[in-house]
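What follows is one structure encoded as structure tokens, with my remarks underneath.
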Amino acid sequence: MSKKIIIAGGGTGGHIFPAIAIANAVKRKDDSIEILFVGAKGRMEMEKVPQAGYKIVGLDIAGFNRSSLIKNIGLPFKIIKSYFQARKILNEFKPDIVVGVGGYASFPMLQGAQQRKIPTVIQEQNSYAGKTNKFLGKKAKAVCVAYEGMEKFFPKEKIVMTGNPVRTAISQSAITRSEGLKFFGLDESKKTVLVVGGSLGAKSINEAIDEQLDELMNAGLQLVWQTGKPYAERAKQRALGKAGVWVNDFITQMEYAYAAADMVISRAGAIAIAELCVMKKPVLFVPFPFAAEDHQAANAMSLVNKNAALMVKDSEVKEKLATVIIELSKDEVKQNDLKKNISGLAIADADERIADEILRLINY
């Protein structure tokens, strides 16, 4: 009988791409294993997971909407419904193990599995664990982490240091700077800044770039600017007729963007950080201030404290962004220090390490 694994979670690229990387690593080690993804209906995973060749089922679950309280009226019913759906999936698929990667679907699936004594694994991406993972961690068989000092959130004996999975297209990329710049139609003689706000974009970063675009270009810089959908049209209008700016809502081939970049401006999501460590890029982090438990600031500070990154607060981004990045562009010594220190934090085989842990637990 072939073994069966459920991988639950999603919501953003930061949860989905690592989950797919883990699934691919498991399949490379044992192709007979059957993998089912469980996500949240209407979220990004329902499209991205099938594109990667895996089956996914969706739960009727959503998170608490802070911006519109009226939208939360149906939330208790959705949560209850998702528990029944999770129970049905577990009864029908009969997994040997359930892996949670974070996101709405993770909690009902892992809690349902733990109630049935099905082994569970948590992939905790951040340096600060959220409430749900802390709760689930008590009964999990293993907690795969990417940062030191996680025993303040989880039982020490369950922690496995694996790092965060990075897409193989990025971790094994052999694309040169020259090929990357050609891909975006940019000039090889100029320093290139990659601006990324996560798969959904970052409003404050976009507004700061919009305001300071001329200043950046006058300093001899050019941009690869990923905006997310809400800001894309405005950014495209702003960049109209400017030769040194490439703008789009999403970058499908991030390996070219990293190859082209001399410096990066980014949110401080765990997966973005893992990618930047592997790609050895000098980075200026602007942590998302409304992330649960302010985990993005904690993620960024763990690098800043090792002289492996720079950071500007979201509230100060409009005043400081251009100044900091222009100063960095002129300081080769600082760039090289940041590159050296961030590359020392890279774990390129995190997907393999997590896959090994999953297989160890189901082959007891």
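The values are calculated or read from the model by the stated rules, or taken from the named source; none is laboratory data. Predicted, not measured: the structure shown is a model, and the values here were computed from it. Please note: Cβ atoms are built from the backbone with ideal geometry, for glycine as well, and neighbour counts cover all protein chains shown.
Quick check on the stretch 27-34. Is at least one of its residues buried (at least 22 other Cβ atoms within 10 Å of the Cβ) and not in a loop (DSSP other than H, G, I, E, B)?
No, the stretch 27-34 contains no residue that is buried (at least 22 other Cβ atoms within 10 Å of the Cβ) and not in a loop (DSSP other than H, G, I, E, B).
Residue count for the stretch 200-233, restricted to those that are in contact with a Lys or Arg (Cβ under 7 Å, 6 or more places away or on another chain), farther than 16 Å from S266 by Cβ and in a loop (DSSP other than H, G, I, E, B): 1. Among the residues of the stretch 143-195, those identified as among the small types (G, A, S) and without any contact (Cβ under 8 Å) to a residue 40 or more places away in the chain are G149, A174, S178, S189.
For the stretch 185-199, the set of residues classified as assigned to a loop (DSSP other than H, G, I, E, B) and either surrounded by 15 or more Cβ atoms within 10 Å (Cβ to Cβ) or in contact with a helix residue (DSSP H, G or I) (Cβ under 6 Å, 6 or more places away or on another chain) (or both) consists of L186, E188, K190, G197, G198, S199, listed by residue number.
Scanning the stretch 176-188 finds one or more residues that are at pLDDT 95 or above and in contact with a Leu (Cβ under 6 Å, 6 or more places away or on another chain).
For the stretch 154-172, a residue qualifies if it is crowded, with 19+ Cβ neighbours inside 10 Å, in a loop (DSSP other than H, G, I, E, B) and at negative phi, and the qualifying residues are F154, T162, N164, P165, V166, R167. A count restricted to the stretch 156-184 and to residues that are out of contact with any helix residue (DSSP H, G or I) (no Cβ under 8 Å at 6 or more places or on another chain) and more than 14 Å from E352 (Cα to Cα) stands at 5.
Scan the stretch 274-287 and give yes if some residue there is more than 14 Å from Q335 (Cα to Cα), in contact with a His (Cβ under 9 Å, 6 or more places away or on another chain) and either assigned by TED's automatic domain parsing to the domain that holds A174 or surrounded by 24 or more Cβ atoms within 10 Å (Cβ to Cβ) (or both), otherwise no. Checked against the condition, which is being more than 14 Å from Q335 (Cα to Cα), in contact with a His (Cβ under 9 Å, 6 or more places away or on another chain) and either assigned by TED's automatic domain parsing to the domain that holds A174 or surrounded by 24 or more Cβ atoms within 10 Å (Cβ to Cβ) (or both), the stretch 274-287 yields at least one hit. Scanning the stretch 271-308 for residues that are modelled with pLDDT under 90 and either closer than 19 Å to L186 by Cβ or not in a loop (DSSP other than H, G, I, E, B) (or both) returns I271, A292, E293, D294, H295.
Any residue at all in the stretch 144-153 that's modelled with pLDDT of 95 or more, assigned to a loop (DSSP other than H, G, I, E, B) and within 23 Å of P95 (Cβ to Cβ)? No, because not a single residue in the stretch 144-153 is modelled with pLDDT of 95 or more, assigned to a loop (DSSP other than H, G, I, E, B) and within 23 Å of P95 (Cβ to Cβ).
To keep it simple, each residue is scored yes or no on (1) small (G, A, S); (2) out of contact with any Gly (no Cβ under 8 Å at 6 or more places or on another chain); (3) assigned by TED's automatic domain parsing to the domain that holds I325.
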residue	(1), (2), (3)
G180	yes, yes, yes
G185	yes, yes, yes
A208	yes, yes, yes
Q212	no, yes, yes
A219	yes, yes, yes
M254	no, yes, yes
A257	yes, no, yes
A260	yes, no, yes
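Taken together, I326, I342, I358, I347 contain a single residue that is in contact (Cβ under 8 Å) with a residue 12 or more places away in the chain, assigned to a loop (DSSP other than H, G, I, E, B) and crowded, with 16+ Cβ neighbours inside 10 Å, which is I347. In the set (1) under 13 Å from L194 (Cβ atoms); (2) modelled with pLDDT of 95 or more; (3) surrounded by fewer than 17 Cβ atoms within 10 Å (Cβ to Cβ), Q253 fails one condition alone, (2).
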